[in-house]
Each structure stands twice: as structure tokens, then as C-alpha cells.
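K.L.:
This is the structure I want to talk about, given as C-alpha cells.
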Amino acid sequence: MRPFSLSDLFRQFLETRAPLLFLIGSIALAILGNAIYELLTTSFGATPVSLIALVIGAALIFAFVTVAFRRLLQAIEQQRVVVRNRVRPDQLAGLHAGLILPVGLNPRGAEAAIIAWHQRNAVLRHCWLLASPEVLRNPKFGDLKQGLLDHDTLPHVVELADSIQVDEVYAKVRAAIVEAQRFPDAAPLIGDLTGGTKAMTAGMLLACLEAGVATQYWSVPRDQDGNPRLVQEGSPMKVVVQTLMEEAPTHGDAAT
């Protein structure tokens, strides 16, 4: 169901589909217009020059109010459809000195915002960038590397021959975790599950779980259709995975 807006309210008094409401709206507008005209002519006179000035001024005011009102309605409607998805303080991922970050082809991806989060207070020192050959050739990847270097963060490029193979992603992330252990200033280490392909997310999660490395997801405001908005206003949310082992029931025949 579409949310009700102010424009829907006024439209009821300006459309002929509801005769009674249209009559009330027309009378109200006529009274308002006559009252404003009498006030202006009493204040400024009814000479041709003053009347021309009043017509021009009224036209300019009408145009300004129309544009401003439409923009106001658009802003109100936009605020209504945005779901903020704010991360609670206890779910917020802290700053980390080491980051393993999958990079995708989406030019509006959250990679730059994720890096900027961990670079606050000059905390981020090392960043492992997982990327396919297509991403490596994209200008976006070069911008990310330069942004790391500009903030004294050492980029480590991890090339994936096939970004849709979970086993390759898993092996490359495990190798990155082992490499990070050789850098004392890369601890604590965290892996991000936001960008890249689904296979990159799965491989990252499996590798981090096995190695005991923390993981995060960049939570951003979304609209009513679930589409992400305002990536820069997101927050990293800790991802906690719990595994439950259940013993399958055995029957007498199976047990024997």
C-alpha cells in the first residue's frame, strides 16, 4: 500500500471526481484569492503600474512556492521509504588493524566506506584486497589501493582466478590469514563479508571460522524494496555464527 502524502490530501479538493470536495476547495480558493487581492490593492493602490507589479510578483511567488513545495514533498517521501537499519552499539564491529576485504565490480559498493571506518584514528595498518582479474583492471581497484597508501595502510593484493569458486576463495583467504600472522601490527584481524560474489562471501566465512578470525558485514539503510541506500552512512556489524550439533536419533535396526 502506497503511503499517504500531503499531495493526496490537497488533490481531493482540486479534482472533480468528488464534486462536494471540489466545490469546497474552489470556494476556499476564491475567498483566499479575493482577500489577498483586496489586501494588496489597499496597501499598494490599484494603479496600472502597481497591478502589473503585483501580477509579476504573484507569478514569481507561485513558481517559487511550487518548486519548493514539490521538493519538500519529495524529501518527505524519500525519508518515509528509507529503513535506517541502525546497528546497536553491542553489535558494532570495532576498529581493526588488519582487514581482509573482497572487492566487487559495483562502482557504488561499500569497500571505500569499510576501509574508511577502520582507518579512523589511524588504526588500519594492513588490508588484503581479494579481487578477480576483471576487478583488478577496474579503476575502482586502483582508487582503493591509492586510498590505502594515502593513509599509511599497506595494501596486499590477493588475485582470484575465479571469484565464483568457493574452494579457491577459501584457500586464498586462509593464505592471507597466515600471511597476516607474520605482521605484528596487523592484529587484530577481521574479514568483511559484504562485497564480491556470493562464493567470495561463503569462502571468506568458512576460512575465518576455521581460523578463529572475526567477521563483519556493512549494514546500510535500505528503501522499502530492500535496495541499499546511502552506503557512506552504514556501520560494520559483527557477524557471529553459532554451530549446533544434534545427534541423529538411532533405531534398533540401525544401531545393530
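Throughout, read-outs are computed from the coordinates displayed, never taken from laboratory work. Not measured: the values here are computed from a predicted model. All Cβ positions, glycine included, derive from the backbone under ideal geometry; neighbour counts span all protein chains shown.
K.L.:
Residue-wise, which Karplus ³J(HN,Hα) couplings in Hz belong to the stretch 150-159, taking 6.51 cos²θ - 1.76 cosθ + 1.60, θ = phi - 60°, and x for glycine or proline?
P.N.:
Rounded to whole hertz, the list is 5, 10, 6, 10, 7, x, 10, 8, 10, 8.
K.L.:
Another one. Would you kindly compute the Cα radius of gyration of the stretch 90-239 and its largest Cα-Cα separation (Dmax), both in Å?
P.N.:
When restricted to Cα atoms, the stretch 90-239 yields Rg and Dmax of 14.1, 45 Å.
K.L.:
Between Gln165 and Ile27, how high is the FRET efficiency from 1/(1 + (r/R0)^6) when r is the Cβ-Cβ distance and R₀ = 51 Å? Nearest 0.05.
P.N.:
Result of the calculation: an efficiency of 0.10.
K.L.:
Can you return the lysines within cross-link range of Lys172? Criterion is Cα-Cα under 20 Å, with same-chain partners fewer than 8 residues away left out.
P.N.:
List returned: Lys145, Lys198.
K.L.:
Now for a different question. Lys/Arg Cβ at +1, Asp/Glu Cβ at -1, dipole of the stretch 90-239 taken about the Cα centre: which of Ala175, Ala199, Ser219 is farthest positive-ward?
P.N.:
Ser219
K.L.:
Something else now. Taking amide H positions as placed 1.01 Å from N in the peptide plane, with prolines and chain starts having none, which residues 5 or more places from Leu154, or on another chain, fall under 5 Å of its amide H?
P.N.:
Placed amide hydrogens put His126, Cys127 under 5 Å from Leu154.
K.L.:
Now for a separate question. Which whole-Hz ³J(HN,Hα) couplings does the stretch 103-109 yield from phi under the Karplus relation 6.51 cos²θ - 1.76 cosθ + 1.60, θ = phi - 60°, glycine and proline marked x?
P.N.:
10, x, 8, 4, x, 9, x
K.L.:
Want the number for Leu60 to Phe183: 0.36 nm per residue separation, take away the alpha-carbon distance, what's left?
P.N.:
This chain segment gains 37.7 nm when fully extended.
K.L.:
Next up: Label point 7 Å out from Asn106 along Cα-to-Cβ: which residues of the stretch 137-181 have amide N under 16 Å?
P.N.:
140-141
K.L.:
Further, regarding this structure: Could you give the nm distance between label points at Leu73 and Ala211, where each point is 7 Å from its Cα heading toward the beta carbon?
P.N.:
Taking the simple label geometry, Leu73 and Ala211 are separated by 5.5 nm.
K.L.:
Now for a different question. Once you have the Cα-Cα distance between Thr47 and Gln91, take 0.36 nm times their residue separation minus that, and quote the gain in nm to one decimal.
P.N.:
This chain segment gains 8.8 nm when fully extended.
K.L.:
What size of dipole, in debye to the nearest 20, comes out for the stretch 81-167 about its Cα centre when the only charges are +1 on Lys and Arg C-beta atoms and -1 on Asp and Glu C-beta atoms?
P.N.:
My answer is approximately 440 debye.
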